[in-house]
Each structure stands twice: as C-alpha cells, then as structure tokens.
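Encoded as structure tokens, the structure appears first; notes follow it.
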Amino acid sequence: MIVSPSILSADFLNLERDIRNLEAAGADAIHIDIMDGVFVAGVTWGPPTVKAIRQITSLPLDVHLMIDQPERLIEAYLDTGAGQITIHPESTVFLRKTLRTIKHHGTKVGVAIKLETPVQVIEHCLDLADTVLLLTCDEGFGGQSFQPLALQKISTIAEWRSKHQLLFKIAVDGGVQPETGKLCKEAGADILIAGSYVFNEEMEAAIRTLKTV
C-alpha cells in the first residue's frame with residue numbers, strides 16, 4: 001500500500017517538524033487538506049502554505065481542495081509545486097474542464113467524492129484521473145470513524161477501472177487504521193490516507209503497518 005499521511009492531524013505550530021518526521025518515518029506522500037469554511041465547515045491553509053511545505057520536503061504533495069468553486073483558485077494552486085491536485089464534483093459545475101486545466105499544466109489529477117455522494121457522478125471523468133479519492137467518513141475534520149458504506153463504492157470504482165482498462169489509483173481517507181485499511185485494500189484501494197492513526201501512534205511503526213496491511 002501507498003501511505004499518504006494527512007497533516008490535518010499534525011501540530012500546526014510545528015508543521016515543519018512533523019512533515020520532516022513523516023518523511024523520515026517512510027511516508028510516500030503528504031496529503032494536504034485545503035478547507036475554506038464554505039464547502040466544508042473547517043478552515044485550514046492556502047497556496048502560500050503549500051508553497052512553504054514544498055520547500056521543506058521532497059515527498060509528493062497531494063493537495064486536496066475541499067473548497068467551493070476550485071476553478072477560481074486553480075492557477076494559484078498549480079503554482080505551488082504540488083504533485084497532484086484533487087477536486088470534488090460537489091464543489092463545481094466545471095469538473096471536467098478544471099481537471100483538464102490541471103492535467104494540461106503537467107500536474108497529476110485527483111477526483112474526490114464525499115461519503116454520501118454516488119460514484120456515478122465521476123464516471124464521466126475517470127479517463128482523466130490519476131487518483132480517485134473516496135472519503136470514508138464525513139468530511140471536514142479528523143479523528144472520525146470509518147464508515148463501511150465506502151467499501152461498496154471502492155469495489156465499484158475498482159470494477160470500472162478494470163472494465164475500461166484505466167490506470168488511476170484508488171485512495172481512501174477517513175478512519176484509516178490497519179483493520180479498515182485491510183478492508184479497503186481487499187475492495188481495491190491502493191492508497192491509504194491516514195491522519196490520527198499515524199500521529200497518535202509511534203509514527204514509523206504506524207506507517208510501516210499500513211504499508212503491509
């Protein structure tokens with residue numbers, strides 16, 4: 001499994017320290033949740049913070065835009081050095097157009113859907129995706145429990161991937177720990193995004209455990 005820890009669970013006053021620790025502990029990427037207080041209730045960071053993070057780690061940065069109308073700010077995020085930008089169909093009426101803008105820039109493309117959003121809303125965009133991200137709990141804050149509803153959605157996306165011979169990876173985010181990570185892997189997931197589990201346990205051991213579920 002690919003493990004991409006979410007820094008939503010990091011110590012915001014010691015973000016550089018925690019990111020360097022993640023890299024040393026064997027993380028494969030860094031997951032950055034951008035929240036605007038509109039699309040979700042929480043508020044986190046913006047493009048300047050992502051740019052700053054780019055300066056302190058060589059790990060790929062997956063910037064998850066949990067913001068309303070991401071097309072308004074997409075150019076600013078494309079300028080941050082992010083390796084992948086992930087957006088939601090629930091947040092824009094210009095989903096495919098915005099995904100194509102990201103891809104044209106040479107940045108990897110992610111498509112994310114909330115727990116209760118049916119997978120059919122992204123079926124027409126799977127040919128553009130490098131990653132499909134399924135939220136496996138309610139959106140907007142960390143420390144929640146995994147919801148089994150997500151497993152059928154993972155399986156459906158995996159079936160479509162096989163049927164259409166596509167190459168995108170399937171990521172899951174929400175309540176991820178060894179037991180739920182194993183269930184997600186069995187359903188077809190490739191990437192585990194974990195915040196609380198990684199930061200609340202011994203970091204290196206937690207990441208190693210997730211990689212081998």
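The values are calculated or read from the model by the stated rules, or taken from the named source; none is laboratory data. Predicted model only: the values in this text are computed from it and were never measured. Because the Cβ atoms are built from the backbone with ideal geometry, glycine has one as well, and the counts that use them run over all protein chains shown.
Numbers at a glance
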{"item": "Qualifying position, being in contact with a strand residue (DSSP E or B) (Cβ under 6 Å, 6 or more places away or on another chain), among the basic types (Lys, Arg) and under 23 Å from VAL63 (Cα atoms), among LYS211, LYS185", "result": "LYS211"}
{"item": "Any hit, segment 151-171, residues being crowded, with 17+ Cβ neighbours inside 10 Å, at pLDDT below 95 and either touching a Cys at 6+ places or on another chain (Cβ under 8 Å) or among the acidic types (Asp, Glu) (or both)", "result": "no"}
{"item": "Criterion (at pLDDT below 95 and crowded, with 21+ Cβ neighbours inside 10 Å) met by exactly one of VAL3, VAL40", "result": "VAL40"}
{"item": "Qualifying residue in segment 125-139 (condition: surrounded by fewer than 19 Cβ atoms within 10 Å (Cβ to Cβ), among the charged types (D, E, K, R), touching a Leu at 6+ places or on another chain (Cβ under 7 Å) and closer than 24 Å to ASP68 by Cβ)", "result": "yes"}
{"item": "Residue within segment 99-108 that is over 27 Å from PRO178 (Cβ atoms), among the basic types (Lys, Arg) and out of contact with any Asp or Glu (no Cβ under 8 Å at 6 or more places or on another chain) present", "result": "yes"}
{"item": "Single unsatisfied condition, GLY195 versus (1) buried (at least 19 other Cβ atoms within 10 Å of the Cβ); (2) modelled with pLDDT of 95 or more", "result": "(2)"}
{"item": "Filter result (surrounded by fewer than 18 Cβ atoms within 10 Å (Cβ to Cβ), touching a helix residue (DSSP H, G or I) at 6+ places or on another chain (Cβ under 9 Å) and of a type outside the set (D, E, K, R)) within segment 74-92", "result": "ALA76, GLY81"}
{"item": "Residues of segment 67-78 satisfying the condition of being more than 14 Å from HIS105 (Cβ to Cβ) and in a loop (DSSP other than H, G, I, E, B)", "result": "ILE67, ASP68, GLN69"}
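Every residue, every condition in (1) outside any loop (DSSP other than H, G, I, E, B); (2) at pLDDT 95 or above; (3) crowded, with 20+ Cβ neighbours inside 10 Å, yes or no:
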| site | (1), (2), (3) |
| --- | --- |
| LEU15 | yes, yes, no |
| ASN21 | yes, yes, no |
| GLY26 | no, yes, no |
| MET35 | yes, yes, yes |
| TRP45 | no, yes, no |
| ALA52 | yes, yes, no |
| SER58 | no, yes, no |
| LEU65 | yes, yes, yes |
